[in-house]
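Presented below is the structure to which this report refers.
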Amino acid sequence: MGALPLSGLTVIAIEQAVAAPFTSSRLADAGARVIKIERPEGDFARGYDDVAKGQSSYFVWLNRGKDSVTLDLASEAGKAELARLLSGADVLIQNLKRGALAKLGFTFERLERDYPRLITCSITGYGEDGPMADRKAYDLLIQAESGLCSITGGPEEPARVGISIVDIATGATAHAAILEALIARGITGKGANISVSMFDVMADWLTVPLLNHEGGKSPQRIGMAHPSIAPYGTFITKDGQPILISVQSDREWRKLAEVFLGKPELGADPRFATNVARVANRAETDAAVAHGFARLNADEAIAALLEADVALASVSDMAALAQHPHLRRITVETPNGPVSYPAPAAIVAGEARDYGPVPALKQMTSQGEPE
């Protein structure tokens, strides 16, 4: 196997929880040396749960391939060691409270002056300024504050997305911004100072529902249905199995009506002929589709839908995911033994990657002592 794309780069990660560790884990996967700076008691995400061989699922997932270094950054010795590490670093990632790094003596101005090639990426809840900049911000808090919860769930009450979507989205956004900065540095020789706000990330992702609201069509919570497309939702077969279908175009609707429902006249019916009409008449649209599902058991329904070239999915749970034929896995070493979990999504042709071990507190997993 040839050198990985980020081999030779050093990343200092003053991080905890999920968002920043997600970012640095992807850099580690690509070959960067990631030195994770932990408090003397360790990243608090180490204690989130104990389901991965007695270890935190979050920590095992997001800290593979890193070195663990503990520093008391409030001490002079800790600050001196951080300065030494930064002198050999390419990237600094940090998700301390806003302004905390400056209070330790590492202002953005100092970082730019002393380490001109350094790419600094700071992850915060609400950015570097503004009326809420000093608030604590965690995943579910931003789900609520951004309005994501208001469009998630059923009609009765708002709901959280069932994973740490804000943290993960923020980590992925920071990862992309760092890669852009590395490309720019290769051209200009200069580092960069990047700020990524969890709130900004979610606001960006909520553009479509926001524009719908501002256009007079404020989104409503409709469970497994789609607010802008019909039919797009879950229907129950004769044997009680839920199947999710998505009809994305009027052509697909006509084929569904002819092949699956056996009622080609519904394809041209003005109540259903266009997506706008189907959404306006959602109850009638869904009732017609539901009647078609009720005639067939699950296997028959899936076969008929595939014949009609309609997009469909089973409504799976975690037990189904664990056995899914498309689930790709990696196995990483941890202090308590190997743990298997889903593989990163990107596949690079001709490049088979190995994934480094999850470090115990103060454990070097790559090149020994920090340089």
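Find, among the GluC sites (Glu not before Pro) in the range 269-362, those assigned to loop by DSSP (not H, G, I, E, B) with at most 13 other beta-carbon atoms within 10 angstrom. Passing both the DSSP loop test and the Cβ count: E351. Ordering of 123-133, 150-160, 164-174 by packing is 164-174, 123-133, 150-160, highest average first (other Cβ atoms within 10 Å, averaged per residue).
Close amide H partners of I93, meaning residues 5 or more places away or on another chain with modelled amide H under 5 Å apart, are I12, A13, I14, C121.
For the Cα atoms of the chain, what angle does the longest principal axis make with the long axis of helix 19-29, in degrees from 0 to 90, nearest 10? Once rounded, the angle reads 80 degrees. The length gained by stretching the chain between I330 and M132 to full extension, at 0.36 nm per residue less their Cα-Cα distance, is 67.3 nm. Looking at the range 1-107, the chymotrypsin sites (Phe, Trp or Tyr not before Pro) that sit in a DSSP loop and have at most 16 other Cβ atoms within 10 Å of their own Cβ are Y48.
Estimated from helices alone, the mean residue ellipticity of the chain at 222 nm is -10000 deg cm²/dmol (sum of -39500 (n - 2.57) over DSSP H runs with n ≥ 4, per residue).
Here the chain is treated as a Stokes sphere of Kirkwood radius computed over C-alpha pairs; at 4 °C and 1.567 mPa s its diffusion coefficient rounds to 55 µm²/s. Among the listed pairs K136/K190; K103/K362; K217/K263; K66/K97, those with a Cα-Cα distance over 28 Å are K136/K190; K217/K263. Against the empirical 2.2 N^0.38 Å (N residues), the range 179-295 has a Cα radius of gyration ratio of 1.59.
Each other residue within a Cβ distance under 13 Å of F106 adds +1 if Lys or Arg and -1 if Asp or Glu, for a net charge of +1. A simple spin-label model places pseudo-atoms 7 Å from Cα toward Cβ; at K217 and A360 they are separated by 5.8 nm.
In this calculation the C-beta distance from A319 to Q241 is compared with R0 = 22 Å, giving a FRET efficiency of 0.90. The length gained on full extension between V161 and S340, counted as 0.36 nm times the residue separation minus their Cα-Cα distance, comes to 62.0 nm.
For the chain, a Gaussian network of Cα nodes joined below 10 Å ranks Q323, Q16, Q143 by mean-square fluctuation, and the top entry is Q323.
Model label sites at R113 and T207, defined 7 Å from Cα along the beta-carbon direction, differ in position by 3.9 nm.
Only loop residues by DSSP count here, and only those with at most 11 other Cβ atoms within 10 Å; note down the chymotrypsin sites (Phe, Trp or Tyr not before Pro) in the range 215-312 that meet that. Answer in residue order: no site qualifies. Convex hull volume per residue, computed on the Cα atoms of the range 1-59, equals 90 Å³.
Read-outs throughout are calculated quantities, based only on the coordinates presented, and are distinct from any laboratory measurement. Since the structure is predicted, the reported quantities are computational estimates derived from the model, not experimental observations. Glycine gets a Cβ as well: all are built from the backbone with ideal geometry, and neighbour counts include every protein chain shown.
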